[in-house]
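What follows is a set of notes on a single structure, which appears directly below.
The values are calculated or read from the model by the stated rules, or taken from the named source; none is laboratory data. What you see is a predicted model; the values in this text were computed from it and never measured. We place every Cβ from the backbone using ideal geometry, glycine too, and count neighbours over all the protein chains shown. For the accessible areas, the whole protein counts, side chains as well, though only heavy atoms, and no ligand, DNA or RNA atoms are used. Shrake-Rupley method; radii C 1.70, N 1.55, O 1.52, S 1.80 Å.
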Amino acid sequence: MCVVRNDRLTKRLKDIVYASGAALVGIADMRTISSSPLPYGVCVALPVPVPIIREIEEGPTLSYRHTYNSLNKQLNEMVTQGADFLISHQYRAIPITTGYAQMDEQRRTPLPYKTVATRAGMGWIGKSCLLVTPQYGSAVRISTLLTDAPLMCDIPITESRCGTCEQCKIHCPAQALTGTLWKAGMSREQLFDTETCVDVIKRRMKECIGIEGTLCGRCFVVCPYTRRYVNRR
């Protein structure tokens, strides 16, 4: 079935989300993704502030934990605002906030934010198994909303652009990364060992700030794309 794209609606939506503070906004065609209940996805990104990136070069900090939670809260508000706009125009929209997205026992969600992000052309999956954006490297937090509004979709990215770089693999405290170049449809297990990563991160966070959690940041701190972002600032 032919879908007539609404470029005016797309521009208004992006303008609203950018005005709310978003650094990056992309729109994905999700019609071939069975786990997506609606045919289009909007991905929103916020960068981790440069002072925080510099601060966590030797390990996670309390201020990184606070910033991480603060960015998630901002993203929740942005995708909810975007969904409200689309609903007010008689479209269906679901903001996939941190409260909505539930992880299973293998720490998986039905529809990862990163899937929407790559299909929205915002970046690729690096050897770190994190989204890598040209503008901010992997130093971003992302969120999404799903909709049936006929938005203008961006061009997806389907292959890694990491080349021969293995900085994240070399500096991973858990040595959990395989160094494999990502392609769309590749399984997470081909890129890294989740359980090893989580176990080491929990111990490392406890040692650094006295709190057991799953924040590390080492792999995105050393990413050359992240370093370019840091150096620009």
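So how strong a dipole does segment 8-56 carry about its Cα centre when Lys and Arg Cβ are +1 and Asp and Glu Cβ are -1, to the nearest 20 debye?
Roughly 220 debye, rounded to the nearest 20.
Determine the shape class of segment 140-221: with a ≥ b ≥ c the square roots of the Cα gyration tensor eigenvalues, call it rounded for a/c under 1.5, and otherwise prolate if a/b is greater than b/c, oblate otherwise.
Oblate shape, in that a/c is at least 1.5 and b/c is the bigger or equal ratio.
Roughly what would the spin-label model give for GLU58 and ARG92, points 7 Å off Cα along C-beta, in nm?
5.3 nm
What is the dipole size for the chain, taken about its Cα centre, with +1 at each Lys and Arg Cβ and -1 at each Asp and Glu Cβ, in debye to the nearest 20?
Approximately 480 debye in magnitude.
Of the options HIS89, PRO224, THR67, report the single residue whose Cα projects farthest towards the positive end of the charge dipole of the chain (beta-carbon charges: Lys, Arg +1; Asp, Glu -1).
PRO224
Keeping every protein chain present and rolling a 1.4 Å probe, give me the accessible area per residue for the chain in Å².
For the chain, the per-residue accessible area is 50 Å².
For segment 184-233, what class follows from the C-alpha gyration tensor (a ≥ b ≥ c being the square roots of its eigenvalues): rounded when a/c is under 1.5, otherwise prolate if a/b is larger than b/c, else oblate?
Oblate, since a/c reaches 1.5 and b/c is not below a/b.
What percentage of the solvent-accessible surface of segment 1-82, computed with a 1.4 Å probe over protein heavy atoms, is contributed by carbon and sulfur atoms?
For segment 1-82, the apolar C and S fraction of the accessible surface comes to 53 percent.
Quick one: which of LYS11/LYS114; LYS127/LYS169; LYS114/LYS206 span more than 18 angstrom between C-alpha atoms?
Over 18 Å apart, Cα to Cα: LYS11/LYS114; LYS114/LYS206.
Against the globular-protein guess of 2.2 N^0.38 Å, express the Cα radius of gyration of the chain as a ratio, rounded to two decimals.
With N residues counted in the chain, Rg over 2.2 N^0.38 Å equals 1.01.
Heavy-atom accessible area of SER36 with all protein chains present, probe 1.4 Å, nearest 10 Å²?
Roughly 20 Å² of SER36 is accessible to a 1.4 Å probe.
Of the accessible area of segment 164-233, with the probe set at 1.4 angstrom, what percent is carbon plus sulfur?
About 48 percent, which is the carbon plus sulfur part of the accessible surface.
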